[in-house]
Amino acid sequence: MSHFSSETGAPDPYEADDGTIQSEMFAEAEPRDGFRSSGSRARRAERRRRPAYGNGLRAPSPLGKNFVIDTNVLLHDPDCLDRFADNHVCIPLEVLCELDKFKNEQSERGANARRVHRKLAALFSKHPEEATVGIPNRSGGTVRLVPVQPASVATRSAAVEELLAVFAGQASNDNRILVCTRLISERNKAPTVLVTKDLNLQLKAHAIGIPCEDYQNDKVDSARVGAASPVVVDVRPNDLQRFASNGGLELPAHARRGHPNEYVLLKAGEKRTMPARIGADGRFHRLNIPDHIRIERGAPLRPLNLGQQCFLDALLNPAITLVTCYGSAGTGKTLLAVASALHATFNGEYNGVTVSRPVIPLGDTLGFLPGSLEEKLEPWLKPVYDALEFLLAPEQGAAKRKQAQRGGRKGGDAGPSAPAGGRRCYDPFLESGLIEIEALCYIRGRSIPNRFFILDEAQQLTPLEAKTIVTRMARGSKLVLVGDPAQIDNPYVDRLSNGLVYTRERLRDEACTAHVTLERGERSELAEAAARRM
């Protein structure tokens, strides 16, 4: 069921609830003989003067569905009140109580709670007497508060009584929200739907027969998240030869027009293939990648498969300022991103490299951890440091590095990954600012110019957090978001609603963005087998 469809029809006007004073929309019908008695006018004037406080169960109109919103939906998207079209949004009092618990948090969740409070206050402050009747919102629907308690309802149905008996001795806001949803559904002929991102609450609602849905506004089509391999485009052999020599080719008439910077595989016959990128001009362009990347005297790095070739082309293209990449463990996401960042920075394209990773839960302060910011983030950024060690110090084998690390700890200096003598191969870059470690919980309000910004494990972000990060990028900067949508620890997002897939979906038609999916693991045969079968 979509959140954005209204229930049409013209049900009979509803009777007033006990103790509820209906708005003028539900005033008693006036005589239609052309005359109105003074007593009728007096009653209408009195109704306007009297506050319209009630229990919020009755919708202000029989047209449109009633959507009961859970707290996690408001925290996930503070603007969700305007995303239900011309339907009626109901906010139980228990939701306001839960929001109050989060408003003092110095985190993204606390900021969202405060934002919701401000929006509700602005909505109801001008007409507080209509808070439980319904205030029109920008999308053509209404928003109302529902402060009802089951004990205050004069007449309760057998279904509500049974529900109260089931929840006896289990006082929780979730159970109260379920009872509230049941009461709303019984007072309105239009459908009533509970909207929540809490899976356990969804299961409870299904068990007792209450219609329940997840919040779908920022969800991505699963087919798009699952699409991986480049599209194969059949061309004539002479066209492929011309493309190989000239580096460009017009789209054939039979080929579909893809998104800007989408990667495809041109095919002429059984064994003649060549990767290409669809440019903003609608033509096929040849990939522009070096034979290998070498950082100082480090290990030469070459793309090992088609996906890595496409990823490297996007990383090294200065016209592409946002790159998103999906890939399972061992596919080379982080290593290629770090290598390309250093390569482009040493060539003078950027002033430095900024690396970060969401700390779950994102936004929690790092002040309780000992050491500097780099030392606090080191456990989270270990994959990035491993990539730097591989690129900058290839002569050290794994055993030698472990021995050096143990020697460094005994010497009482540097950090967990410092070799003997206390200097890691990438320490000079950290000290000079060429490589900067960024804590996402402090990124709000920043403007980041001329940096190559790598955000690892971006699938842990919420859509709002992803928007905050993308909007921090100033002129001359490049943002690379890498992650695996199948590995999510954040309880507030899933495979189809996380910040990585949301960013890709919303910006897929922009000429400055590109996306690559890496399928083949190159870490080892064991890692590849584990990624596929475990």
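Does the range 488-501 contain at least one residue that is in contact with a Ser or Thr (Cβ under 7 Å, 6 or more places away or on another chain) and of a type in the set (D, E, K, R)? Within the range 488-501, none of the residues are in contact with a Ser or Thr (Cβ under 7 Å, 6 or more places away or on another chain) and of a type in the set (D, E, K, R).
In the range 272-283 there is no residue that is crowded, with 18+ Cβ neighbours inside 10 Å and among the acidic types (Asp, Glu).
Do the conditions hold for residue 315, that is, is it closer than 21 Å to residue 522 by Cβ, hydrophobic (A, V, I, L, M, F, W, C), touching a residue at least 60 places away in the same chain (Cβ under 8 Å) and in the same structural domain as residue 388 (by TED's automatic domain parsing)? Considered against the rule, which asks whether it is closer than 21 Å to residue 522 by Cβ, hydrophobic (A, V, I, L, M, F, W, C), touching a residue at least 60 places away in the same chain (Cβ under 8 Å) and in the same structural domain as residue 388 (by TED's automatic domain parsing), residue 315 comes out as yes. Can you confirm whether the range 321-328 contains a residue that is aromatic (Phe, Trp, Tyr) and touching a Gly at 6+ places or on another chain (Cβ under 9 Å)? Among the residues of the range 321-328, at least one is aromatic (Phe, Trp, Tyr) and touching a Gly at 6+ places or on another chain (Cβ under 9 Å), which makes the answer yes. Residue pairs whose Cβ atoms lie under 8 Å apart, sitting 6 or more positions apart in sequence or on different chains, and linking a residue in the range 160-171 that is in contact (Cβ under 8 Å) with a residue 40 or more places away in the chain to a partner that is in a helix (DSSP H, G or I) and of a type in the set (Lys, Arg), are 163/182.
The combined condition, being within 23 Å of residue 483 (Cα to Cα), out of contact with any strand residue (DSSP E or B) (no Cβ under 8 Å at 6 or more places or on another chain), assigned by TED's automatic domain parsing to the domain that holds residue 527 and surrounded by fewer than 21 Cβ atoms within 10 Å (Cβ to Cβ), is not fulfilled by residue 344.
Looking at the range 394-408, can you tell me whether even one residue there is modelled with pLDDT under 95 and closer than 26 Å to residue 477 by Cα? No, the range 394-408 contains no residue that is modelled with pLDDT under 95 and closer than 26 Å to residue 477 by Cα. The helices (runs of 4 or more DSSP H) found entirely in the range 54-137 that carry 1 or more residues being out of contact with any Asp or Glu (no Cβ under 6 Å at 6 or more places or on another chain) and without any contact (Cβ under 8 Å) to a residue 40 or more places away in the chain are 93-102, 108-124. Among the candidates 112, 104, 173, the residue that is under 30 Å from residue 441 (Cα atoms), surrounded by 19 or more Cβ atoms within 10 Å (Cβ to Cβ) and either in the same structural domain as residue 188 (by TED's automatic domain parsing) or of a type in the set (S, T, N, Q) (or both) is uniquely 112. Counting only strands (runs of 3 or more DSSP E) that sit completely within the range 223-299, those holding 1 or more residues that are touching a helix residue (DSSP H, G or I) at 6+ places or on another chain (Cβ under 7 Å), under 19 Å from residue 322 (Cα atoms) and of a type outside the set (A, V, I, L, M, F, W, C) correspond to 263-268, 272-278.
Only residues that are at pLDDT below 90, in contact with a helix residue (DSSP H, G or I) (Cβ under 8 Å, 6 or more places away or on another chain) and surrounded by fewer than 22 Cβ atoms within 10 Å (Cβ to Cβ) were counted in the range 493-520, giving 4. Looking at the structure I just gave you, is residue 176 in a helix (DSSP H, G or I) and touching a residue at least 60 places away in the same chain (Cβ under 8 Å)? When the stated conditions are applied, residue 176 passes them.
The single condition from (1) surrounded by 21 or more Cβ atoms within 10 Å (Cβ to Cβ); (2) part of a loop (DSSP other than H, G, I, E, B); (3) of a type in the set (A, V, I, L, M, F, W, C) that residue 323 fails is (2).
Here residue 312 passes the criteria (1) hydrophobic (A, V, I, L, M, F, W, C); (2) buried (at least 17 other Cβ atoms within 10 Å of the Cβ); (3) part of a strand (DSSP E or B) except the one numbered (3).
You will find that of 195, 160, the residue that is buried (at least 20 other Cβ atoms within 10 Å of the Cβ) and assigned by TED's automatic domain parsing to the domain that holds residue 69 is 195 and no other.
The values are calculated or read from the model by the stated rules, or taken from the named source; none is laboratory data. Small disclaimer: the values here were computed from a predicted structure and weren't measured. When we count neighbours, we look across all protein chains shown, and the Cβ atoms used for this are built from the backbone with ideal geometry, even at glycine.
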